[in-house]
Amino acid sequence: MPLTIQVEGINVYGTHGVYDQEKKNGQNFRIDLLIELKENILNFENYKSESFENTINYENLVNEVINVSDNNSFDLIETFAYEILNTLRKYKNISKATVTIHKPNSPLKELVEDISVTASEEF
């Protein structure tokens with residue numbers, strides 16, 4: 001079983017959404033990442049290496065998410081999720097990534113507790 005890294009609740013502010021008010025005023029999003037490392041990178045045989053070469057720097061993951069949000073405006077949070085996945089492709093230690101984007105202030109916030117989109121990709 002591969003080693004997984006979870007980063008939950010990355011808070012970003014962005015102008016993502018279909019409606020004019022979403023693009024004009026912006027809103028908060030909460031993003032969760034689930035990263036699976038390649039099995040030959042960090043496993044029971046070599047876990048004592050204590051090196052970033054055998055894992056992923058969590059700070060880099062958070063910064064990737066923030067950069068995608070800050071430098072883009074997406075109509076669909078589905079597209080937002082896939083753009084985050086696309087930026088994670090450059091990390092050679094990742095075998096699979098899952099991104100969940102929560103939209104807590106959607107226009108339906110009075111009717112639902114949460115709206116989210118989850119996208120996964122194997123690299």
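Where a number appears in this text, it was derived from the coordinates with a stated rule and is not lab data. Nothing here was measured: the structure is a model prediction, and the numbers come from that model. So basically every Cβ, Gly included, is an ideal-geometry build from the backbone, and we count neighbours across all protein chains shown.
Rounded to the nearest 10 degrees, the angle from helix 77-88 to the longest Cα principal axis of the chain is 30 degrees. With angles folded into 0 to 90 degrees, how steeply does helix 58-70 sit against the dominant principal axis of the chain? Use alpha carbons for both and round to 10. With both axes taken from Cα atoms, the answer is about 30 degrees. In this simple spin-label model, placing a label point 7 Å from the Cα along the Cα-to-Cβ direction at both Asn11 and Thr118 gives a separation of 2.4 nm. For the chain, a Kirkwood radius taken over Cα pairs fed into Stokes-Einstein (25 °C, viscosity 0.890 mPa s) yields D = 161 µm²/s. The number of Lys pairs in the chain with C-alpha atoms less than 28 Å apart, excluding pairs fewer than 8 positions apart on the same chain, is 12.
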